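Since the structure comes first, as structure tokens, the remarks are kept for the end.
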Amino acid sequence: MDDGDRPKENCGVVGIYSISGKNVIPMVFDALRALQHRGQEAWGFAIPNRSPFKRVGLVSHSSSDFKKLANEYESSCVIGHVRYSTMGASTLDNAQPLKVKDLCIAHNGTIANARELSNLVGGCSFTPPNASDTMVAAQRLVSLISERGKMGKALSILKNEMIGSYCFTFISDDSFVYAARDPKGFRPMVLGHKESDDTYIVTSESSAVTAVGATLQRDVTPGELIKLSQTGLETERFSDDTSRAHCSFEFTYFAHPSSNMEGRNIYITRKRIGQFMAKKFPLKDADLVIPVPDSARPAALGYAQELDIPFDEGLLKDRYSKKGPLRSFIEPHQSDRVDINRWIIPITDIIRDKYVVVIDDSLVRGTSSKAIIKALRRAGAKKISMLITYPQINYPCYAGIDFPSQKELATYVNGKTMTFDEITEMVRQSIGVDFLGYNDAETLAAAVGIPKDLMCFTCSSGNYESLGIRPDFTKRGQVKATN
């Protein structure tokens, strides 16, 4: 992806319950490390009857404290979170889990109408103006539970009040762990079980299930509420909505390549996307196919294999620099994102005098793509084509991927009427590449193997019917309900 311009996605969650009574705190550390690609700003966990433990930075930075923390917070149930802020300031106060009365909450997604929702819990008199969307949702949920008595009934009301995407994990002071996935299935959530100590795990991705030695059982169904307790697993539906809007961006970039999502392995899916791109753009006269590291690698390999063109690593991340191993898009400041991308280095002996096809997973503002193309030209590439495995991004996202306002996008046309091809040509000239090709929604959906109408492509199409909103594309966070 266009690394220096990556969007912000709100996070990774986990809930663990050991029916055998095993201390699961060491497991939450492993699970959160396996979800680190979903958020690297802050992390935390919560157990019953304690304030949540939260820290800024990567989970691994606290590894020397794991043994002490496991003893101090010993518990057979826990929820955890890795965060990047789509809404709310980047502070430890807004790191998660958050606690409201006797309930702790961790959230993956974005509640686009958090400001309106806060009015239902007292507005500014009760909710700080810089509060995250998660805090607003938690306050409203606790209020509804006190009125309705049960989590499922409260969620059945809250779902009608919230606009956006959400996967929640909760833990209560009476030692119940809950997990809920939004009715459209925007964000992923899976269920696993570790038979050896009868421990359940519900989490954003199966990479975390594998990390704790559990076995993936299934995806959590959109609109499903899971309850974990000493009596085992219980499940109920808080929504009967059968329409779906699975985030297409998860499949091209966001999810971990080892994960299985909606019954599909992400690595294999990305290779298929590359193979389908080869049929769409058969640049057979190229000398070399290279990925922009790291998430575009499987697609580049699939593309190269389909056309029988040599594949190589023409660009490498310097993983020995301080920020080299990090994902730039989930850094909260542009200067940090630029610093990370500065350490994507071309290998001159691979690139020199070659016609190179560069595969990337998406293009947002274009500044990093421009820098990469310049670096490849300095390395002596005689011709450069860039293929983007995600469709042209023309609109903001209000379902958990914080693409910028429309005027910040590389495709922004400032009110002009331009065709798709004209916009592509404008972006091509801007980033300085010889040929630029975007994937399209139909091809991407076919490669993933999910019908297009069951996936979310709002950032490409501008059709927000699945969210039920009418956005002001020029401003961040400005939405109105359509019903």
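For segment 343-377, which positions are in a strand (DSSP E or B), buried (at least 24 other Cβ atoms within 10 Å of the Cβ) and touching a Gly at 6+ places or on another chain (Cβ under 9 Å)? 356, 358, 359, listed by residue number.
Can you confirm whether residue 302 is modelled with pLDDT under 95 and in contact with a Lys or Arg (Cβ under 9 Å, 6 or more places away or on another chain)? In short, no. Against the conditions (1) free of Cβ contacts under 8 Å to residues at least 60 places away in the same chain; (2) surrounded by fewer than 22 Cβ atoms within 10 Å (Cβ to Cβ), residue 222 satisfies every one except (2). Working only within segment 412-448, note down all residues that are among the β-branched types (Val, Ile, Thr) and in a loop (DSSP other than H, G, I, E, B). Within segment 412-448, 413, 417, 419, 433 meet the criteria. Evaluation of residue 174 against the conditions (1) touching a helix residue (DSSP H, G or I) at 6+ places or on another chain (Cβ under 7 Å); (2) modelled with pLDDT of 95 or more; (3) not in a helix (DSSP H, G or I) shows that the sole unmet condition is (1). Tell me, please, whether a residue that is under 20 Å from residue 215 (Cβ atoms) and modelled with pLDDT of 95 or more can be found in segment 34-49. Yes, segment 34-49 contains at least one residue that is under 20 Å from residue 215 (Cβ atoms) and modelled with pLDDT of 95 or more.
When the criteria are applied in full, residue 435 fails the requirement of being surrounded by 14 or more Cβ atoms within 10 Å (Cβ to Cβ) and either within 30 Å of residue 117 (Cβ to Cβ) or modelled with pLDDT under 90 (or both). Filtering segment 181-219 to residues that are surrounded by fewer than 24 Cβ atoms within 10 Å (Cβ to Cβ), in a helix (DSSP H, G or I) and in contact with a strand residue (DSSP E or B) (Cβ under 9 Å, 6 or more places away or on another chain) leaves 195, 197, 210. Selection within segment 298-319: residues that are within 23 Å of residue 378 (Cα to Cα) and without any contact (Cβ under 8 Å) to a residue 24 or more places away in the chain. The member of this set that is nearest to the chain's Cα centre (by Cα) is 319. For residue 239, state whether it is touching an Asp or Glu at 6+ places or on another chain (Cβ under 9 Å) and hydroxyl-bearing (Ser, Thr, Tyr). Criteria met by residue 239.
When every residue of segment 70-83 is checked against the conditions, at least one turns out to be closer than 24 Å to residue 24 by Cα and at pLDDT below 90. Which of the residues spanning segment 378-411 are in a loop (DSSP other than H, G, I, E, B) and either over 30 Å from residue 269 (Cβ atoms) or polar (S, T, N, Q) (or both)? Result: 379, 380, 382, 392, 394, 405, 411.
Within segment 19-41, restricting attention to residues that are buried (at least 24 other Cβ atoms within 10 Å of the Cβ) and of a type in the set (Gly, Ala, Ser), the residue that is farthest from residue 198 (Cα to Cα) is 39.
A count restricted to segment 153-165 and to residues that are in contact (Cβ under 8 Å) with a residue 60 or more places away in the chain and crowded, with 18+ Cβ neighbours inside 10 Å stands at 5. Only one of the numbered conditions (1) under 20 Å from residue 186 (Cβ atoms); (2) hydrophobic (A, V, I, L, M, F, W, C); (3) out of contact with any Lys or Arg (no Cβ under 8 Å at 6 or more places or on another chain); (4) not assigned by TED's automatic domain parsing to the domain that holds residue 161 is violated by residue 254, and that is (3).
The values are calculated or read from the model by the stated rules, or taken from the named source; none is laboratory data. Fair warning: this is a prediction, and the values are worked out from it, not measured in the lab. With ideal geometry, Cβ positions are generated from the backbone for all residues, glycine too; neighbour counts draw on all protein chains shown.
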